[in-house]
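Since the structure comes first, as structure tokens, the remarks are kept for the end.
The values are calculated or read from the model by the stated rules, or taken from the named source; none is laboratory data. It should be emphasised that the depicted structure is a prediction, and the values quoted were computed from it without experimental measurement. Neighbour counts are summed over all protein chains in view; Cβ atoms, including those assigned to glycine, are modelled from backbone coordinates with ideal geometry. We work out accessible area using only protein heavy atoms, side chains counted, and drop any ligands, DNA or RNA first. Shrake-Rupley method; radii C 1.70, N 1.55, O 1.52, S 1.80 Å.
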Amino acid sequence: MDRDSTTAAGRARGLARPFHSLTNGPQELGCGGYSLTALAGQYGTPLYVYSADHIIERFGYFERALAGREHLVCYAVKANSSLAILRLLAEHGAGFDIVSGGELRRVLTAAPEAVGRVVFSGAGKTAEEIDFALESNILAFHVESEAELKLLAARAARRKRKARFSLRVNPDVFAETHPYISTGLSEHKFGIEISQARRIYNEARSSRWLVAHGVSAHIGSQIRTAEPFGAAMARVARLVCELERDGIRLRSVDAGGGLGIDYEGSAEFDPQAAVNEYVAAIEGALKGLDIKLLLEPGRFVVAQAGALLARVLYVKRNGKKTFVITDAGMNDLIRPALYQAWHEIVPVRPRPGAKKVVDVVGPVCESGDFFAHDRRMKPVEPGDLVAILDAGAYGMAQSSNYNSRPRPAEVLIAGNEVRLIRRRESHEELLAPELVGLTGAAV
Ligand code: LLP
């Protein structure tokens, strides 16, 4: 596939925002110098397109901000669990934050050598998942209840394997974000009340199979200011000091993920400065503690590296509204429907003409199947391509087969190559696990 002749410039711009105008031929949106029109032609739509350079650049912001202190950046697999992206990040030294046995399988498939850099969060781990993670010898379990700690001790004893654990404490700190992705208040299901943590660490000493490794906290996602992270870590730091007085010396503090991005795409947003400020707030709270710092960023690393490409099927008017109906739907990207999330949508080859106010919607049979309401957009016509930007995090990872729609293909632009990292699902694959009543196996 041909690349834009001004590759270097294109790529330099691509790092700031990876989807940018190509400069050869007609005005057109590209990624890493590649034409999105050509990609859609080759791989079909809906199609997720990611920039590997951008992912590595974003990951590097954390590495740079943390240089000079003992640290591990554990990418939150749930944000985008594509094997190729996990491999890419592992090659750059990432650890991984997982929340299920399935995610552990993904890490073991993509980067088995990174298993010693895996932390396992989640409020509902099963005995089987605990066994699998013990067997795999992950770095640490992030334990979210006393009952889970008891189960962990029992499973570790059965296998005669030590289990390193961190309590995930709930610091009871408010962070301004969407209620569905806020986790750090005592009313949320996550973590252990911080006031109980000291007692639980002390009680855990009676098990010879439990090793208190660290403490973790995650207060929510898409948080745009550093202050709540600092407030949460100040409470965690107090706990670390108390435990030290009790003779329990933790080796790590994990500040979770949650740093937000600018979905609005403002020119002033400086991602390295945002990471620096975030890290400074955390480090400020941990001042004086000689302890390893773990972070679990997901969205910040992958969101802006990805776009969902969709083709316009129809443009129609109903009453006062104009609807742009695309071949991508809420099953491919559910964020607008679920969190009223705002994603920028741009025509890949802009047509001349004034912007119009439209609703951009999908083909799924629900009124919640929308990408934008009352959006001012350059005119589009059936057959045109649009790119839904900043869709690299919680896009494909939250996709489904609702309405019996096969999930999109995914391509990764890495240096000079375009790699198909997941082919489009086929209808045969969707039907394969099912049994039709009459011929199904009797149970
Ligand atoms: N660590 C833990 C324990 C988490 O629960 C999460 C996200 C992260 C790290 C990563 O957070 P991030 O850096 O990506 O904000 N589906 C929602 C977001 C859900 C976040 C769940 N937990 C969305 O599309 O906005």
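List of remarks:
- Sequence of I421, I282 when ordered by accessible area, the most exposed leading, probe 1.4 angstrom: I421, I282
- Region 121-297 - percent relative contact order, Cα under 8 Å, separation 6 or more: 20 percent
- Each residue of region 384-401 is assigned a 3J(HN,Hα), and the resulting list reads 5, 9, 10, 10, 9, 7, 6, 10, x, 10, 6, x, 4, 4, 10, 6, 9, 9 Hz, derived from the Karplus form 6.51 cos²θ - 1.76 cosθ + 1.60 (θ = phi - 60°), x at Gly and Pro.
- Exposure ranking of F132, F141 by accessible area [1.4 Å probe, largest first]: F132, F141
- Given +1 at the Cβ of Lys and Arg, -1 at the Cβ of Asp and Glu and no other charges, the dipole of the chain around its Cα centre is 380 debye to the nearest 20.
- Distance (nanometres) between label positions extended 7 Å along Cα→Cβ at A280 and E381: 5.2 nm
- For K150, the lysines whose Cα comes closer than 16 Å to its Cα, not counting residues fewer than 8 places off in the same chain, are K125, K160, K162.
- For T37, the accessible area of its heavy atoms, probed at 1.4 Å with every protein chain present, is near 50 square angstrom.
- One quarter of the surface of the convex hull around the alpha-carbon atoms of the chain equals 24.4 nm², the direction-averaged projected area.
- Dividing the mean sequence gap of close Cα pairs (under 8 Å, 6+ apart) by how many residues region 317-443 holds gives a relative contact order of 24 percent.
- Region 336-399 - Rg (one decimal) and Dmax (whole number), Cα, Å: 12.3, 36
- Over the residues of the chain, the helix contribution to mean residue ellipticity at 222 nm works out to -9000 deg cm²/dmol, using -39500 (n - 2.57) for each DSSP H run of at least 4.
- Accessible surface of region 121-297 [probe 1.4 Å, protein heavy atoms]: carbon and sulfur percent: 49 percent
- Placing unit charges on each Cβ (+1 for Lys and Arg, -1 for Asp and Glu) gives the chain a dipole about its Cα centre, and among A337, G30, H373 the Cα reaching farthest toward its positive end belongs to A337.
- Accessible surface, region 121-297, averaged per residue in Å² (probe 1.4 Å): 44 Å²
- Kirkwood Rh (inverse of mean 1/r, distinct Cα pairs), region 121-297, angstrom: 16.8 Å
- Loop-located GluC sites (Glu not before Pro) in region 330-433 (DSSP state not H, G, I, E or B) with no more than 15 neighbouring Cβ atoms inside 10 Å: E366, E425.
- Taking all protein chains together, L47, L338, L435 sort by accessible area into L435, L338, L47, largest first [probe 1.4 Å].
- Of the DSSP H helices in the chain, those with a Cα length along their own long axis of 24 Å or more and a mean Kyte-Doolittle hydropathy reaching -0.5 comprise 227-245.
- Judged by the mean number of other Cβ atoms found within 10 Å, the most tightly packed of the peptides 121-128, 285-292, 232-239 leads the ranking 232-239, 121-128, 285-292.
- Nearest-20 debye value, region 121-297 charge dipole, Cβ charges on Lys, Arg, Asp, Glu: 1360 debye
- The mean sequence distance of close C-alpha pairs (under 8 Å, at least 6 residues apart), as a share of the length of the chain, puts its relative contact order at 17 percent.
- 5 angstrom amide H check on V211, placed H, neighbours 5+ away: A163, R164, F165
- Using a probe of 1.4 Å on the protein chains alone, the accessible area found for R375 is around 30 Å².
- Accessible area per residue in Å² at 1.4 Å probe, computed on region 332-376: 49 Å²
- Antiparallel content of DSSP bridges confined to the chain, in %, to 5: 50 percent
- Here, P(r) means the percent of Cα pairs in each 5 Å bin from 0 to the largest distance; for region 1-147 it is 2, 9, 16, 15, 15, 12, 11, 8, 6, 3, 1, 0, 0.
- Translational D in µm²/s for region 247-323 (Stokes-Einstein at 10 °C, 1.306 mPa s, Kirkwood Rh from C-alpha pairs): 96 µm²/s
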